[in-house]
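Note sheet for the following structure.
All of the numbers you see were taken from the coordinates with simple rules; none came from a lab. None of these values were measured; they are calculated from a predicted model. Backbone-built Cβ (ideal geometry, glycine too); neighbour counts: all protein chains shown.
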Amino acid sequence: MTELTFQFDDAADLPPSPSEADLRVIPAARGVVLLETATGEPVVLLTAGSMRARVATRLLEDAEKPTSRTRGQLRGVVGRARWIRCGGMWETHWRYLEIAAELWPKSYVSMVTWKPPSWLTLEIESDYPHFRITRDPRGGGECIGPFLTRRDADAFLQSLTDAFCLCRSAACLRKSPHGTKCNHGQMGRCLSPVDGTISMPDYRLALRDAFDFAAGERTPLRDSLQAEMTQAAATLAFEEAAAIKTRLDRLKDFDQPRYATVARLEEFRWLFVERGVGANTIQLFHIRPDKLYAGSVFRWPLEPDQLDAEIQSAHALPANTESIEPLSLLRCSLATRQLHADEARRGIVLHWGADIDAQTLYDRIADWMDLADDDAAPSQPASGEELSSEPSSA
């Protein structure tokens, strides 16, 4: 029998050829269900809007579809079911990921439909420092992200390169300072460390400014450029003022919603509030770079001071970037997908910081629950992308 540290809600033994009545012990509710042999060996892990209905597709025969690929295919193999109920799709996928990683540590990556997000890294003290796009931020240097797709990361880096006149080619950079100025340098769109126009120490300072801006420190640079543009216009240096305005316009690219969650890796700290299991319940989840934590479940309505202990515990959770592993990257990806989900699906999403207190959180939850009373709550649907540990099944 496979021993799991993960705790399921309940379990039931099943006969070799179960009937529909035999499956009524499994909840017809959203969750994750593990089917095992009678001796406790895992057979298949499934997510479902209705666990009972999805198990039925694996264990019950269908007289109308006798050749169905999945229908009844596990009859005679499965002898036991274990399950856990979940409040919404995001929680369901997270529970599935954690269980799959524990059951099949060498193959669980192939059992999910998402990939790790993209990040930008910078080793500023390297001989030829440059930004690099990666799915694995553990390679060294400072890191910002996450980006939901590689395309978003590419577009962000292009805008950053344009805005700060950075070198566009690592190969070109390696020729510094004895290379030839590129076309972008000749047009004034590159600081041109390649030919020594700017020294490498000064280029590192430019990279630092670019990194800090990309990581979210946007206001100081914009205020500085606005002042420079005003001064240039006042002295009738209109060409210089126009160039500064062009640069300010480039900086607007970073205000796009797809970049709203980009920050330093160590600042990947979020609080999710989701619908819980059962009426009028809410579930809190705490997101950190290396782990996801299931917080407390509360019944609504509640008092603000009921959240105090949860807030204090969450403030104590570490944002550890040293213990990131492949599973951590998939957790980050799952959280990133939720951050970019439409409002009707994602519930409450708060970037975690020292300013989060019980009253602030209570007010957000109260507003959210008021929407529920108007039948417009940001609740998660019961149907959607379902997962299976079977290699060719969805």
In debye to the nearest 20, the charge dipole size for the chain, taken about the Cα centre with +1 at each Lys and Arg Cβ and -1 at each Asp and Glu Cβ, equals 1480
Cβ-Cβ cut-off under 11 Å around Lys175, Lys and Arg +1, Asp and Glu -1: the net charge is +1
Per GNM of the chain with C-alpha springs under 10 angstrom, the most fluctuating residue out of His351, His178, His286 is His178
Largest fluctuation, Ser192, Ser50, Ser19 only, Gaussian network model of the chain with Cα springs under 10 angstrom, belongs to Ser19
Given unit charges at Cβ for Lys, Arg (+) and Asp, Glu (-), the dipole magnitude of the range 118-259 about its Cα centre in debye, nearest 20, is 460
Taking Ile244, Ile348 and counting other beta carbon atoms within 10 angstrom, the fewest-first order is Ile348, Ile244
On the formula 1/(1 + (r/R0)^6), with r taken between the Cβ atoms of Lys245 and Arg299 and R0 of 56 Å, the FRET efficiency rounded to 0.05 is 0.55
Computed from the beta carbon distance with a Förster radius of 51 Å, FRET efficiency for His315 and Glu61 to the nearest 0.05 stands at 0.40
Taking Tyr96, Tyr203 and counting other beta carbon atoms within 10 angstrom, the fewest-first order is Tyr203, Tyr96
Quick calc, the range 268-373, dipole around Cα centre from Cβ unit charges on Lys, Arg (+) and Asp, Glu (-), nearest 20 debye, gives 520
Which of (i) 20.5; (ii) 23.1; (iii) 24.2 gives Kirkwood radius over Cα pairs in Å as computed here? It is (iii)
Of Ser296, Ser159, Ser224, the most mobile residue in a GNM of the chain (C-alpha springs, cutoff 10 Å) is Ser224
Once both label points are put 7 Å beyond Cα along the C-beta direction, the Ala341-Arg189 separation in nm becomes 4.0
Relative contact order of the chain (C-alpha contacts under 8 Å, at least 6 apart) in percent is 16
Stretched fully, the stretch from Asp209 through Trp104 gains (0.36 nm per residue minus C-alpha distance, one decimal, in nm) 33.4 nm
Sorting Gln338, Phe272, Met200 by the position of each Cα along the dipole of the chain (Lys, Arg +1; Asp, Glu -1; all at Cβ), the one nearest the positive end of that ordering is Met200
Per residue, the convex hull enclosing the Cα atoms of the range 132-220 spans a volume in Å³ of 111
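Test of understanding: what is the full-extension gain from Arg150 to Phe238, defined as 0.36 nm times their sequence separation minus their Cα-Cα distance?
Working: separation 88, 0.36 × 88 = 31.68 nm, distance 3.84 nm.
Difference between extended and current length: 27.8 nm.
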Expressed in nanometres to one decimal, the distance between label points 7 Å along Cα→Cβ at Thr180 and Gln73 is 6.0
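With 10 angstrom as the radius, rank Thr235, Thr360 by how many other C-beta atoms surround their C-beta, starting from the fewest.
Going from least to most buried by this count: Thr235, Thr360.
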In deg cm²/dmol, rounded to the nearest 500, the helical mean residue ellipticity at 222 nm of the chain, built from -39500 (n - 2.57) for every DSSP H run of length 4 or more, is -10500 deg cm²/dmol
